[in-house]
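Student: The structure that follows is given in the form of structure tokens.
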Amino acid sequence: MTSEQAVARIDPWAVAQQQFDLAAERLNLEQGMRRVLREPRRELTVHFPVKMDDGSVKVFTGFRVQHNLGRGPAKGGIRYHQDVSIEEVKALAMWMTWKCAVVGIPYGGGKGGVIVDPKQLSKKELEGLSRRFFTEIEVLVGPERDIPAPDVNTTPQIMAWFMDTYSMHQGYTVPGVVTGKPISLGGSEGRNEATARGTVFCIVEAARHLGIELNKAKVAVQGFGNAGAIAAQLMVEEKATIVAVSDSTGGIHNPNGLEINKVIAWKQEHGTVQGFPGAKDVTNAQVLEVECDILIPAALENQITAANAGNVKARLVAEAANGPTTPEADEIFWKKSIFMIPDILCNAGGVTVSYFEWVQDLNRDHWSEKVVNEKLKEIMVRSFQETLTIARREQCYMRTAAYLLAVQRVADATQLRGLYP
Ligand code: NAD
């Protein structure tokens, strides 16, 4: 079996439950509470028709899962990808519950997805698919119940279609039903950069803790979309050197550094980072293993496994992506003393500014980018330090520490609310 086949067989839901079980055991959670928190509250599967440009009708399958609503309405993005599955959406929904709890924002966890390669659709087909999918999941969503947002391959334009669809059905404009909208429709300043900015706030804290000087640090980034490309730009602002990046077509490497704005322009023109002048084309797997101080996985789940974790050279791994590291790879990192900023903390900047957007929408308010970034920094730095304090106190891995913090908060809320009826 090749390592790619091994990766394809890893079930993200099994990984998510395994991570939860470890935390529940360590927290000595009561068995009934464990049973409640280790399953999603609601899972919806929809099969829906879309009229294609050639007049034919195609049926697509999509999901919306709400994992836990103990601390507030469900929050979580919607992903468009050919490999979306119910197991993946369940895992992502559970991770959202812990993420919102780690940063202390008043939400539960949800996630959605449609099995589709959006690159194969025209803009009209994409709009038709988005509007019909949102209509199908309207039994669950709403500004007080479940608030979707962008994820892989979903954009501010798609959020605008979601918001308009819901608003047409209500008969009035409801900006608070989704976040990640264009600014002219009630989107927040700073939302587009928020995930990456939150990641970089965490990296700055971690680098200080580890004694890494960012102006001398070499960085590799896997995934060159919203999270990865902007994280690379922000790391350059911190004076770090980006030595390798990749997208779904492959990667590029230059040990002396890549000019990130030129790589972004190259990708816009050519649809790939590969072939960038002055850099060597490498595979996605090689990008994870290049000589560097900081590795930022910012693509998909299960990229770092037992098969390749031992080859990672970085001292610090910052998970901008959700679920890029398997539990077996975590054990290898722990033994190698590689410092981990876990996804539920590291990429929580996105949901945090989504929360700011929702608050602004509900209050018909609009904050400046400066205010948004200051509030984001305060939350990310505080959450990082709270997690680090637990990791030091318990002598444990940072992922375990983040889980201890998050699961305890959700368990406390669930306990206080009690069982209905
Ligand atoms: P995106 O669609 O903007 O970008 C994804 C990038 O990953 C693209 O460049 C794509 O080419 C690349 N990619 C896909 N498969 C790859 C592979 N096998 N190897 C290397 N690159 C690959 O998506 P995004 O919003 O940047 O999301 C990336 C990750 O960040 C996901 O795990 C997502 O759940 C997570 N995340 C995103 C947000 C957000 O606000 N956008 C928030 C939290 C977490």
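The values are calculated or read from the model by the stated rules, or taken from the named source; none is laboratory data. Not measured: the values here are computed from a predicted model. Note: ideal-geometry Cβ built from the backbone for every residue, glycine included; neighbour counts use all protein chains shown. Surface areas here come from the heavy atoms of the whole protein model, side chains and all, with no ligands, DNA or RNA. Shrake-Rupley method; radii C 1.70, N 1.55, O 1.52, S 1.80 Å.
Student: Name the pairs: first residue in the stretch 263-285 and within 11 Å of the ligand (Cβ to nearest atom), second residue basic (Lys, Arg), Cβ to Cβ under 7 Å, at least 6 apart or on different chains?
Tutor: Between residues of the stretch 263-285 that are within 11 Å of the ligand (Cβ to nearest atom) and residues that are basic (Lys, Arg), the close pairs are Val273/Lys267.
Student: Among the residues of the stretch 199-209, is there at least one that is free of Cβ contacts under 8 Å to residues at least 60 places away in the same chain and of a type in the set (Ser, Thr, Tyr)?
Tutor: For the stretch 199-209, residues free of Cβ contacts under 8 Å to residues at least 60 places away in the same chain and of a type in the set (Ser, Thr, Tyr): absent.
Student: Which of the residues spanning the stretch 351-388 are of a type in the set (S, T, N, Q) and in contact with a helix residue (DSSP H, G or I) (Cβ under 8 Å, 6 or more places away or on another chain)?
Tutor: Listed by number, the residues that qualify are Thr352, Ser354, Asn373, Ser383, Gln385, Thr387.
Student: Can I ask one more? Suppose the filter is assigned to a strand (DSSP E or B) and either open to solvent by less than 30 Å² (accessible area, probe 1.4 Å) or within 30 Å of Ala14 (Cα to Cα) (or both); does Val219 pass it?
Tutor: yes
Student: Also: Going through Ala206, Ala232, Ala194 one at a time, which residue ends up being touching a Leu at 6+ places or on another chain (Cβ under 9 Å), in a helix (DSSP H, G or I) and more than 16 Å from the ligand (Cβ to nearest atom)?
Tutor: So the residue among Ala206, Ala232, Ala194 that is touching a Leu at 6+ places or on another chain (Cβ under 9 Å), in a helix (DSSP H, G or I) and more than 16 Å from the ligand (Cβ to nearest atom) is Ala206.
Student: Check Ala240, Ala227 and return the single one that is crowded, with 22+ Cβ neighbours inside 10 Å and under 22 Å from the mean Cα position of the chain (by Cα).
Tutor: Ala227
Student: Could you list, in sequence order, all residues of the stretch 289-311 that are polar (S, T, N, Q), within 11 Å of the ligand (Cβ to nearest atom) and at pLDDT 95 or above?
Tutor: Once the filter is applied, which keeps residues that are polar (S, T, N, Q), within 11 Å of the ligand (Cβ to nearest atom) and at pLDDT 95 or above, the stretch 289-311 yields only Gln303.
Student: For residues in the stretch 130-159 being more than 16 Å from the ligand (Cβ to nearest atom) and within 21 Å of Lys51 (Cα to Cα), which is surrounded by the most Cβ atoms within 10 Å (Cβ to Cβ)?
Tutor: Out of the qualifying residues, it is Phe133.
Student: Does Arg399 satisfy the criteria of being charged (D, E, K, R), open to solvent by 60 Å² or more (accessible area, probe 1.4 Å) and not assigned by TED's automatic domain parsing to the domain that holds Asp330?
Tutor: Against the criterion (charged (D, E, K, R), open to solvent by 60 Å² or more (accessible area, probe 1.4 Å) and not assigned by TED's automatic domain parsing to the domain that holds Asp330), Arg399 does not qualify.
Student: What number of residues within the stretch 160-191 are in a helix (DSSP H, G or I), out of contact with any helix residue (DSSP H, G or I) (no Cβ under 6 Å at 6 or more places or on another chain) and open to solvent by 20 Å² or more (accessible area, probe 1.4 Å)?
Tutor: Result for the stretch 160-191: 6.
Yes/no per residue for (1) over 28 Å from Ser248 (Cα atoms); (2) at pLDDT below 95; (3) more than 21 Å from the chain's Cα centre (by Cα):
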residue	(1), (2), (3)
Asp330	no, no, no
Lys336	yes, no, yes
Leu345	no, no, no
Glu357	yes, no, no
Ser368	yes, no, yes
Ala391	yes, no, yes
Thr400	yes, no, no
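Student: Just give me the residues in the stretch 321-346 being open to solvent by less than 10 Å² (accessible area, probe 1.4 Å) and within 15 Å of the ligand (Cβ to nearest atom), in sequence order.
Tutor: Those that are open to solvent by less than 10 Å² (accessible area, probe 1.4 Å) and within 15 Å of the ligand (Cβ to nearest atom): Ala321, Gly323, Pro324, Thr325, Thr326, Ile341, Pro342, Asp343, Ile344, Leu345, Cys346.
Student: Out of the residues in the stretch 256-287 that are of a type in the set (Val, Ile, Thr) and assigned to a helix (DSSP H, G or I), state the one that is surrounded by the most Cβ atoms within 10 Å (Cβ to Cβ).
Tutor: Val287
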